[in-house]
Amino acid sequence: ENKATKAWMGVPLVAGSNVLGVMAVAESDPNKKYTPEQQKIFTDIGALAATSIEKANLFTEANARANQLGALNNISRQLVASEGDIERLLDLITTSAVDILNAEAGSLLLTLEDSSGGLAFRSAVGSTGQKLIGTTLPQGHGLVGKVAETGEAIISNDASTDERWQGDVVEGFSTDSIIAVPLIAKGAVLGVLEVINRKDGSLFGQDDVDLLTAFAGQAAIALENARLRQQTGIQLSQRLEELEALERIDRQ
């Protein structure tokens, strides 16, 4: 507090039912005092300022969302083009999710094929994320485990106090906020996609969950198609080997 302040007047910045902040003025001259009339005028100015700020915020949010949707459309085409290479596809999904939400890090986990219900880290983005790849988590472990079990997205903006969070990220990386969404195709959970910490320090919201869920739906379809292509390729190779063996036997 400034000891030179002799008179102070503040008004809330109210837009609709939201209080955006406070605007204040102060005087150091002990002979100057604020009047009720000045307070009324200042209140009107505050209301006008709040309306302008809210409109500017809405405009900024609308532009940001439009840019995100535009990026999503571009990424959708890349997903289809990457279906022939599963590892490249996994990296593209993770990187794209982090970029769309302007986040610090992210990772993609796939359900283990041994029917244990566990998850394995297959792709990661972030300064220490590569250390995660190849590690596994048991069924139901942490936020991602809950997402895999329920098939529902989870958002946590205070991971340090969230009982569901069990430190799924490597040591040395601080997780403040996280969104985890399931990768679902044909009614089955293929894995979990998680995005961690927005770069500007702001919290994740429901709009971010909706956007990432929509992207995860597209990613899951691309991943399922890639798996089917891989299986088909393996089956064709096996069939070709069988035919070559039969041909050798026929010659003998």
Check: Between ARG227 and THR95, what is the FRET efficiency for a Förster distance of 25 Å, r being their Cβ-Cβ separation, to the nearest 0.05?
Finding: 0.80
Next item on the list: Quick one: what are the phi-derived ³J(HN,Hα) couplings along the stretch 40-51, Karplus 6.51/-1.76/1.60 with θ = phi - 60°, whole Hz, x for glycine and proline?
Entry: 5, 5, 5, 5, 5, 4, x, 5, 5, 5, 4, 4
Item checked: Qualifying aspartates and glutamates (Cα of each under 20 Å from Cα of LYS186; at least 8 residues distant if same chain) -> GLU83, GLU113, ASP114, GLU149, GLU152, ASP210, GLU224
Note to self: At 1.4 Å probe size, put ASP85, ASP207 in order of accessible surface, largest to smallest.
What the structure shows: ASP207, ASP85
Checklist line | Stretch gain in nm, segment GLU61-VAL25, where the contour uses 0.36 nm per residue and the Cα spacing is subtracted | finding: 10.0 nm
Check: Taking θ as phi - 60°, what are the ³J(HN,Hα) couplings along the stretch 138-144 by the Karplus curve (6.51, -1.76, 1.60), each to the nearest whole Hz, with x for Gly and Pro?
Finding: x, 4, x, 6, x, 4, 5
Notebook entry, point to check: On full extension of the chain, what length is gained from THR5 through SER116, given 0.36 nm per residue of separation minus the C-alpha to C-alpha distance?
Noted result: 33.2 nm
Notebook entry, point to check: Rounded to the nearest 0.05, what FRET efficiency is calculated for GLN139 and SER160 with R0 set to 22 Å and r the Cβ-Cβ distance?
Noted result: 0.35
Next item on the list: Mind grabbing the accessible area of ARG198 for me, 1.4 Å probe, Å², rounded to tens?
Entry: 30 Å²
Notebook entry, point to check: Hey, with R₀ at 51 Å, roughly what FRET efficiency would LYS32 and LEU203 work out to, going by the Cβ-Cβ distance, to 0.05?
Noted result: 0.80
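The values are calculated or read from the model by the stated rules, or taken from the named source; none is laboratory data. Note that the structure is predicted; figures quoted are calculated from it, not measured. As a convention, Cβ positions derive from the backbone with ideal geometry for all residues, glycine included, and neighbour counts pool all protein chains shown. What goes into the accessible areas is simple: the full protein's heavy atoms, side chains included, and nothing from ligands, DNA or RNA. Shrake-Rupley method; radii C 1.70, N 1.55, O 1.52, S 1.80 Å.
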